[in-house]
Structures are given as C-alpha cells and as structure tokens.
Ligand code: ADP
Ligand code: GLC
C-alpha cells in the first residue's frame, strides 16, 4: 500500500504540474485561469502540489525566489537556474525556469509582437519539459514529485523525457485543447535531446514531423481532459484533430474532469471590478448598474425591452464567431443588442468592427484583451454567447452562470456538460440555466437567441427563476480537485 492519501490530510502525494500559463501573470485563455485555481484547490485537499512554468519576465518580476537549483541542460551552454517562489495567497510553490534567452521577450508567451510564432518554440518548451523531468528524477534535493501532471502541448514532452530517463514516476497528460498540437518539422527532433528511437510512429513522430501533444498522449501514464463530453468527442474523427486513432487506443486511461470557477476572482458577491456587487437576492440592481456602465463604455443607445447579449472570446475558428457575424442581423431583428470583447483573427476583428458600424448603438465591439472589461461584460449582459464549434470545457459560460447572465451555447464539449437548455420540462422543474443549440449554422444560433429574447421579454419572472438556478449551480474547484485526488490515489496504488 502506498504511504499516500489514505488520509488526505496527512502529507498527501507530491504532485508537480507543468504548464505555460498562470493567471494573473501569464494568460492567453482558460489555461491560465485553471493553473491559478486548480493547484490551490488540490492543496486544500492535502495534495503537496507544486507548479513549474517558464520564467517569463512578468513572473520573475512579480515573485521573489526563495530557493533555487542550477541545472546543466541540453539547451544552453551555461547552467539554468530553476527558482522556487511561493504563490501569493496559497500554499502552492512555483518553480520558474529562469532562462532569459528563451523567456525574456516582448509579445505573448508563444508569439512575437507581430503575432507570429517564435521560431524556436520547440526548444523553449522542450526546456520546460526537460526541467520538469529533471525534478521527477530528483533535481531538487528538497522535493521530488511522485506524480507529474502536464497541461497541453507545451508540457507534452515531459512524459517523453521521463520515459527516456526511466524516472520511475507516473505522469498525467491533460488536454485543454486538442487543436494546438505543438507540431514541428522533423528537423526539430535533433534539438530535443531525445533518444533517436523516440522519433517513430510508436513515439513522437507525427505525419512526418513531430508533435509535442502526441508525445504527451503517447507516453503519459494517464490522460485527462477538461469535460466528460470532450473526453468522448476527441475519440471521434469529427473532434479528434487527426489524433483520435491514438486516443481510441488509450480509451481505458482517458477521463474527463470538469474545470471549476475560482470564487475569489469570479463571483458577483466579491467582484471589486463591478460598479455594484450582487448576490442571488439583489441580482437586478447589481446587473442594472453593470449594464449602465457597459452602455456608456460601448456607446449603446436605447435597448428597448430587448436583452443585451455579450461575448468575451479569443477570435479563432474554434469559437464560432464567424457564424455569430452572420447571425447578428437576426439578433438585432429580435430586438437584441450585442457587445463583444475579443481579439485574434484579423478578418474576424475587421468583421466585428464593420457590424458595429452597421448597427450603431445596438452592436459594439472592443478589439483587444481587457480583464476588467471581461468582468463588466459578464455581469452587465443579460446573456453570454458561446457558439463554439468545439469547446473542451469553456470558462466564460461558467462565469456567466455565476453572474446570472444566461448562456447561449452550442451543445458541445464542456458547454453541453454545464448548461441546461430551457425547455418546457427544465423550466417546469427549475433545472434550466441557459439556451443550447445544435449545429454550426447561423439559423441554429439565431433559434436559441430568439428563445432567449422571447423568454426575457415575455416572461420576466421565468427569466429570474432561470437566473437563480444558474447562480446556484455549484462548479467548485473542490469537486474537480476531489476527482484529480482520486486519480492520483489510483495511480500510486497501481504501482504497489
Ligand atoms: P479558451 O481557453 O479556449 O480561450 P475559456 O472559456 O476556457 O476559453 O477561457 C477564456 C478565458 O480568457 C476566460 O477567463 C475569458 O474571460 C478570458 N478572455 C478571453 N478573451 C478575452 C479578452 N479579449 N479579454 C479578456 N479576457 C478574455
Ligand atoms: C482551453 C479550451 C477551453 C478550456 C480551457 C481551460 O483553452 O479551449 O475550453 O476551458 O482550455 O481548460
């Protein structure tokens, strides 16, 4: 019997999480939120959890290092410092891979300021993975993980390095998004310091090149993704992004664990970014104040008695906002107004600028990234739109539920697992929390928008009941942490 987790409070297992983002210092999407919230939730349940992330400048500037080790690596002539920093407000410590030549750069974590991927991303993230594998082999004399959990392609080589070194520690690879695979040409392999036999179909080779995510999916002991429905979907050709075959071979070790909401950041009761905080009892006042602030900020005119729809999103194919653009005239016809905060694809950015001009006072878009405005839109909108083609979990609809802003979502992935469509049955038994549609067409989306607009206008008391249902749904990180805890126990017991 393993020494671990028979009693979760008595020195739980040591688990290292490997990732590229962590809110509030480095975030391009939901991964950053997850890495900020999941480790503390695990720590609260007795897991001895640490995180390892690239030492991006924003992190090194913000977090004082209390300890460090220096490692010789295949990626640098000098030793690389792996610094240790406590994360403020939690028991979690983070290792920062302090290698300025890789991580002290302008732009985002993956891209240069002009939006192009950095040409040496394979080496930048290989170093992260290599350092994580070194910790698994005992590089820090004070703390050696018993499990390594790797998030998305940036962490995907970690299980390969662990296997190559016979680290003797089990690993988990967690898929947050199968669309980003860390694909590089075959020539990149020589830079990775992996044994040549790993460049194989039974390994990290992928369509003639190599794929970091494939390495994770192939070599990790267990696989998870961020919702049960996405766990099933990615084993099908429609959602499998050309790697569903491998996932089907690993079906026995693949599970879906839904993300949660961090109430310290996302709850209308505590949200200092709102003009007026509110709970389930004072929804109307709180939302009216936020809506008024949004009207001013976005230059919205008289909205009549129609609902205000909002969206906060990366503008990529995944998110379905090309479909939204086509559906916008229908939304306006329904008496709706619409505000968008988003950035990404240049064509979509231009498209939203153009519709904002076509419907002044009714449709408005802010192209950019703005954490505070995201909170205001979540609170001030009557409904948040998430028309994604696929959505591993999705956090904006979870935040919308908490704020009583009824989500309109495509029925896929985590959206299907978290939003209960309002129909005669779910309205009657008070389980409805939003509106869901099937299919990738503007008409399908408009159908749900219409149902939302009608309920909002014609039956305000039913709308308020659905708001209450939505706000009372429990998407706590504690629930996710319990499921990861069970997985850790299982993995360690399997090794006895
Ligand atoms: P994904 O990770 O695929 O982008 P999620 O719904 O899981 O989707 O998470 C998105 C996160 O990023 C949320 O916290 C959301 O509020 C935030 N976000 C996305 N776009 C923007 C933006 N333009 N400005 C501010 N926050 C944004
Ligand atoms: C990814 C997914 C999103 C998920 C997030 C956090 O970016 O696109 O659905 O919520 O990761 O797990």
Select, from 382, 370, 417, 430, the only residue that is over 22 Å from residue 294 (Cβ atoms), at pLDDT 95 or above and away from ligand 2 (no atom under 14 Å from the Cβ).
430
Just need a number here: residues in the stretch 346-363 that are without any contact (Cβ under 8 Å) to a residue 40 or more places away in the chain and outside any helix (DSSP H, G or I).
2
Please determine whether any residue of the stretch 312-321 is away from ligand 2 (no atom under 16 Å from the Cβ) and assigned by TED's automatic domain parsing to the domain that holds residue 384.
no
Consider residue 67 carefully, then state whether it is surrounded by 19 or more Cβ atoms within 10 Å (Cβ to Cβ) and touching a strand residue (DSSP E or B) at 6+ places or on another chain (Cβ under 8 Å).
no
Residues that are at pLDDT 95 or above, in contact with a helix residue (DSSP H, G or I) (Cβ under 6 Å, 6 or more places away or on another chain), assigned to a helix (DSSP H, G or I) and closer than 21 Å to residue 169 by Cα: does the stretch 232-247 have at least one?
no
Can you tell me which of (1) in contact (Cβ under 8 Å) with a residue 60 or more places away in the chain; (2) crowded, with 20+ Cβ neighbours inside 10 Å; (3) part of a helix (DSSP H, G or I); (4) away from ligand 1 (no atom under 16 Å from the Cβ) is the one residue 172 doesn't meet?
(3)
Within the stretch 50-108, strands (runs of 3 or more DSSP E) holding 2 or more residues that are touching a helix residue (DSSP H, G or I) at 6+ places or on another chain (Cβ under 6 Å), under 18 Å from residue 22 (Cα atoms) and modelled with pLDDT of 95 or more
93-98
Is at least one residue of the stretch 322-334 surrounded by fewer than 22 Cβ atoms within 10 Å (Cβ to Cβ), within 16 Å of ligand 2 (Cβ to nearest atom) and in the same structural domain as residue 284 (by TED's automatic domain parsing)?
no
Reported set for the stretch 16-34 where residues are surrounded by 24 or more Cβ atoms within 10 Å (Cβ to Cβ) and either in a helix (DSSP H, G or I) or away from ligand 2 (no atom under 15 Å from the Cβ) (or both) is 16, 31, 34
So which of 405, 383, 343 is surrounded by 24 or more Cβ atoms within 10 Å (Cβ to Cβ) and within 15 Å of ligand 1 (Cβ to nearest atom)?
405
Select, from 161, 180, the only residue that is within 16 Å of ligand 1 (Cβ to nearest atom) and either touching a helix residue (DSSP H, G or I) at 6+ places or on another chain (Cβ under 6 Å) or over 23 Å from residue 255 (Cα atoms) (or both).
180
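The values are calculated or read from the model by the stated rules, or taken from the named source; none is laboratory data. All values reported here derive from a predicted model rather than from experimental measurement. In this analysis, Cβ positions are derived from the backbone assuming ideal geometry, glycine residues included, and neighbour counts consider all displayed protein chains.
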